[in-house]
Structures are given as C-alpha cells and as structure tokens.
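Comments concern the structure below.
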Amino acid sequence: MIDTLRLILTDYTISKHTKLLVQPSIYDHSDGMKLSNYDLFVDESTGEVVTGMKAYYNGEKINLTIKPSYSIKSDKVDKEVKLKRKSYDVVFRVKENEQAWNSPAYVQISVPRYKNPSNFYSLKTKDELKIIEQLGEDLKNIGIKTNIFNSNISRLDTFTNLETDEKFYQYKNIFDIINLSRKKAIDWNGSTFLWKNNQSQITVYDKIEEMNFKLKDKFERQKYPANVMRIENRNLTKKKILNNLGVVNVDQIFLAYDELKKNHKETINKNIFRYEPKDLEVIQGESLAGELMRFYRSGNRFWFQKFLTANGLKRLLTITSIDTIKKIIDEMEINGSESRKRVIR
C-alpha cells in the first residue's frame, strides 16, 4: 500500500559520532565571505552549531538531508540571518550564538524496499508499522535520536499492482486519451504515463520493465508475473496530505489507515478508471474523426494517403479497425465527391 515516505524530523539530537557528511559552504575567494552558509545542527556533546551548505546521509535504505531555508553571514559580534522566500528575502540580525537550533531534517525511504530487495510487493499494515519503528532505531545507530512517530509527513505515495492479460504497451491508447484535470500529462516511450501538478502525481507504468531496467542482471524474472501494471498515487506536500487524509504526523497514518485506503482507491477510480469501455470507444472515435477531418479539409486530393503516412498504418490499426475508419469517412460530408469510396477497399 505505502511506498515512498518522506518525513520531516521535528525534534532530534545529533551526537558527536554521527555518520552524517557535512558539505562546507561555498565562499567568495576575495574576502572569504561564505555565500551559502547555514546553521545545520547543534552537536549534542559540545553544544556548538555545525554550519555549511548541507548535511546528509545516503545509505542503502535511508536518504537523509539537513538543509534549511535560510542562510547566515557572520562577523565577530552579530550574524545576519536571511530567510529565503519565493519572491523576496527577509533579513534580520541576532547576536552570535544567541540562538542555536537544529534545522529540519528530511528522511526518505521506500517502505516495501526497507524489508525486501525491491518495492514490488506491498506490506501488511503491521509490517509497515514495524518498519517505521526500525527506521527510528537505524537513525539512532547513525547518531540521530528522534521520536520517529512525531515526524511530519511531507510526501506519501501509495500504490497498486495490477496483473494484466496483455503487455503494457497494449494499453497505451487508453492512457493517451486520459486527461486528468489540472495535471500535465507525460508519456515516456509508452512504458510510463505521468499526470502531475505541483502537489500531486498519478503515474502508471510497466513494473516488470522498470525492475528489469533497474536491477539488470540481478532481476529474477521468473519470480514475478508476466505483465504487471503499477499505479501510484503520490501526495507531494504536507498541505496535500492534510487536505486528502487529514493527517500531519506519522502516528496519525496508522490511526487513519482506512481513510488512506479509501483515498487511494477513490483517486485511482476517479482519474484512471473513470471511463467505461463504451466511453473509451466513443472518445477514440471522436479523436480519430477529428484527425481525419483535419487532413480532409486541407484540400489535398491525396489527403488520406497523407493521413496514413503521418500516423503510420501499423500504429493506426492499434487504435482502431479498418471498418471504423470506413464508417467515419462515409459519415463525412464530401459534397457529393465519390473519391472517398476508392480510398479503402
């Protein structure tokens, strides 16, 4: 059910022996002024503030980054803190060492992959809960202590695997005509379809092909079904998660798990499977008729040949049948011209 989970640690401490890597700030060579300097975190053992561009840890299962939305420039007495905004900056000055704090830490994991070699299979709710507990322990082992269940959720992906009768590309024409409101549609070589805006994404792709590409020689093809369509519903912001699910913290996910399942199902049905087969036939027919009419109105006597050349006969016949094309052409008003009857035999 849950795949990618990105958390913001709201309350944590970092030990002297942390496994974090700290990337230093860039600076102006002429005067040594640090240009992208941040207060990253407080060293628990010394009380000193560690500064730099960012701190991070990229493990096999955990990706963690500490990078706040403000920068600092310091002199001997004061430090200038600049909060970054989309269209403006807010600048204020505080006494050196007057305030020490930890910046937000962002932790991202794939919940199924935390336990298994891949994220193909979903986990039971109780197993997802155990993985969150294990994440808290693993963070502690790299020098970060936190109550993981108090963390805020900034991204939450849910997924469904559908075993299909045909190869994924056989369904391409259906996804070509799906247009989700207020989302931009992207097609990657007919194996992945993505509809997105700034707050959410819905993606459908060939899971077997994706695993084969990523795992290469390690992919044990015989262990999986022949054809699997993966559908993912991605909530990409805290606001979207709150609006859709009414949750903020990790512990609230498991208290509202039924709502999570309901939202996932409703989102997929509303956006992906909202068409009945008969509706898809109508939409495909209208799209084809419109394209035929555009070539016909060009006034070229070889308009149909140009239409076939532009589309490719093989691709055209994956969209519809010769009989359907004949019917559409016969329904066109061609002012008594008989030329259309000689086009297809």
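The values are calculated or read from the model by the stated rules, or taken from the named source; none is laboratory data. Being a predicted model, the structure only gives us computed values, none of them experimental. Ideal geometry is used to build each Cβ from the backbone, glycine not excepted, and the neighbour counts take in all protein chains shown. Side chains are part of the model used for accessible areas, which takes the heavy atoms of the whole protein and leaves out ligands, DNA and RNA. Shrake-Rupley method; radii C 1.70, N 1.55, O 1.52, S 1.80 Å.
Overview of results
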item	result
Mean Cβ count within 10 Å, highest first, over the residues of peptides 256-267, 213-224	256-267, 213-224
Relative contact order (percent, whole number), segment 199-267, Cα cutoff 8 Å, 6+ residue spacing	34
In nm, spacing of pseudo-spin labels at Ser298 and Ala226 (7 Å Cα→C-beta vector)	4.0
Loop-resident sites, segment 120-176, for chymotrypsin sites (Phe, Trp or Tyr not before Pro), counting at most 13 other Cβ within 10 Å (DSSP)	Tyr121
Accessible-area ranking of Val50, Val107, largest first, probe 1.4 Å	Val50, Val107
Across Lys16/Lys218; Lys214/Lys239; Lys172/Lys306; Lys54/Lys140, pairs whose alpha-carbon gap is larger than 28 Å	Lys16/Lys218; Lys214/Lys239
Bins of 10 Å from zero: percent of alpha-carbon pairs in segment 155-252	14, 39, 30, 16, 0
Residues Gln170 and Asp217, FRET efficiency given R0 of 41 Å [Cβ-Cβ distance, rounded to 0.05]	0.90
Cut-off 10 Å between beta-carbons: net charge of the residues surrounding Ile2, Lys and Arg +1, Asp and Glu -1	-3
Peptides 29-39, 196-206 ordered by average Cβ neighbours within 10 Å, highest first	196-206, 29-39
